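These notes are about the structure you will find just below.
The values are calculated or read from the model by the stated rules, or taken from the named source; none is laboratory data. Given the structure is predicted, the values throughout are model-derived calculations rather than measurements. Because the Cβ atoms are built from the backbone with ideal geometry, glycine has one as well, and the counts that use them run over all protein chains shown. Ligands, DNA and RNA are stripped out before the accessible areas are found, and what is left, the full protein with its side chains, is counted by its heavy atoms. Shrake-Rupley method; radii C 1.70, N 1.55, O 1.52, S 1.80 Å.
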Amino acid sequence: MSPCRNDPSPLQSAHAPNGEYTVTSRDDRNSPSTAVEAAAAGEAVDPLGPLRDPQEPGCDVFLTGTVFLDIIFTGLDSAPVRGTESWARGMGSSPGGVANMATALARLGLRTALAAAFGDDHYGEYCWDALEQGEGIDLSMSRTVPGWHSPVTVSMAYEGERTMVSHGHEAPPPPGALPQCPPAARAAVASLGPGGGEEWVAQAARRGSRIFADVGWDESGRWDLGALADLEHCEAFLPNAGEAMRYTRTDCPRAAARALARKVPIAVVTMGAEGSYAVDGRTGETAEVPAITVDALDPTGAGDVYVAGFVTGTLAGWPLADRLAFAGLTAALSVQEFGGSLSAPGWPEVSHWWRAAPEALRSRYAFLDELIPRGATQAARRRAVPTIGFRHPV
C-alpha cells in the first residue's frame with residue numbers, strides 16, 4: 001500500500017486490525033488473483049526481479065488521469081461520410097484513457113498503482129473490475145463518484161489511422177480527503193501539457209520517482225517547449241515525430257531528439273513505420289531501432305504501450321537500444337488486437353512472438369532469451385468484446 005494509506009478515502013473502506021484503512025472492491029465476488037492466474041499460465045515474469053529487496057517501495061509505477069469507457073469500431077473501409085450509415089466489421093469495448101497505460105504496465109509485470117475517478121454507473125463498474133480484478137492494478141487511491149457518469153470515447157479505425165469522438169464531464173471534487181501525495185514508487189508516468197504543471201509530478205520527483213512523460217497535441221498551435229513546466233522533472237520524454245519537430249522547430253525527427261536531449265536526460269522520438277530514435281543527453285549515446293511490420297487491426301493505445309515497454313526496460317536497467325526494441329515490439333503486438341488497454345501484450349504474447357520471430361530479427365531481440373522462461377505458453381488474455389458483459393457465460 002502507499003505511504004498515504006492512513007488518509008481516509010471516499011471509496012468503500014473498512015478498518016483493518018492495525019487501524020489502517022483497507023479498500024474493498026466494488027465487487028466482492030471471488031475471483032482468482034492475477035498473480036495466481038499468471039503463474040498458472042506460465043506468465044510469471046518479473047522484469048525487476050533481480051533488483052527487488054524487502055525495503056523497496058511496494059509500487060513500481062504510479063499513474064493518475066481519466067479513465068474512459070472506449071468503444072472501438074474496426075473494419076471500416078473509409079471514414080464515415082456525412083448523411084450515410086457505415087457498418088463496421090468489428091467492435092470492441094474496453095477501459096481507455098489512462099487505463100491503457102496502467103494495463104500495459106501491469107501486463108509487463110510492473111506493480112502499478114492508479115489514482116482516478118470512476119463513474120457511478122455500469123461503465124464505471126466494468127472499468128473498475130477490469131482493472132482491479134482482471135489486471136491486478138492497485139486502485140486504493142481511486143474513488144467512485146456518486147451520480148457522475150463515465151467519460152466515453154468512440155474510436156473508428158480505418159486505413160491504419162483512427163478518428164475519435166469523446167464525451168464526458170470533469171469529475172467533481174471529492175467530499176472527503178484524498179491522499180494528496182503520490183505513493184513512493186520507482187517511477188511515474190505523466191502526460192505533459194502547456195501550463196503551470198501538475199504538483200503531483202514535482203512531488204513524485206522529490207520522493208525519488210523517475211518521471212517518464214509523453215505529450216498531447218498542442219491545440220493552441222504555439223508549440224512552446226518552455227510551457228511544458230513539468231519537463232524539468234522528467235528523466236525521459238517520449239513525443240512522436242510530429243510533436244517533437246514542432247516543439248524544437250526542426251524538420252527531422254533525429255534532430256528533434258538531439259535538441260530535446262538538451263532539455264531532458266533521455267529523449268525518445270517515435271517515428272511510426274520508421275521505428276524510434278533516442279538520445280541519452282547525459283552520455284551522448286544514441287540508438288535507433290526500426291519498427292516491426294505487422295498487419296494492424298486497431299492503433300488505439302499503441303503509444304501508451306510503447307511508453308510502458310520503454311519504462312519497463314529502463315527500470316530493469318537494459319541498454320538503450322534494447323529498450324527501444326522492446327517498446328516497439330510491445331506496440332506492434334498491441335495493434336493486432338482490439339482496443340487500447342485490453343490489446344496490451346504480456347509476457348506470454350512476447351514469448352509467442354519470439355518463438356516464431358523472423359530470422360532477420362533474431363539478433364536484435366536476442367536479449368529476450370534471458371527474460372522469457374523456458375516453456376512459457378500463450379495465455380488466455382482478456383480482450384475487448386462487443387459488449388461490456390453478458391448476463392450468462394458464453
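When we screen L110, L114, L131 for residues that are of a type outside the set (K, R), modelled with pLDDT of 95 or more and in a loop (DSSP other than H, G, I, E, B), the only hit is L110. Residues of region 135-153 that are of a type in the set (A, V, I, L, M, F, W, C) and over 19 Å from the mean Cα position of the chain (by Cα): V145, W148. Looking across P151, P183, P172, one residue alone is free of Cβ contacts under 8 Å to residues at least 40 places away in the same chain and either of a type outside the set (D, E, K, R) or in contact with a Gly (Cβ under 6 Å, 6 or more places away or on another chain) (or both). It is P172.
Cβ-Cβ contacts under 8 Å between residues 6 or more apart (or on different chains), taken from a first residue in region 307-334 that is over 19 Å from A102 (Cβ atoms) and free of Cβ contacts under 8 Å to residues at least 12 places away in the same chain to a second residue that is open to solvent by 10 Å² or more (accessible area, probe 1.4 Å) and among the β-branched types (V, I, T), are absent. Among the residues making up region 323-367, a single one is within 12 Å of G301 (Cβ to Cβ), open to solvent by 20 Å² or more (accessible area, probe 1.4 Å) and part of a helix (DSSP H, G or I): L333. Selection within region 214-247: residues that are of a type in the set (D, E, K, R) and open to solvent by less than 60 Å² (accessible area, probe 1.4 Å). The member of this set that is modelled with the lowest pLDDT is D218.
Taking strands (runs of 3 or more DSSP E) as the structural unit, those lying wholly within region 1-94 and holding at least 1 residues that are modelled with pLDDT of 55 or more correspond to 59-64, 67-74.
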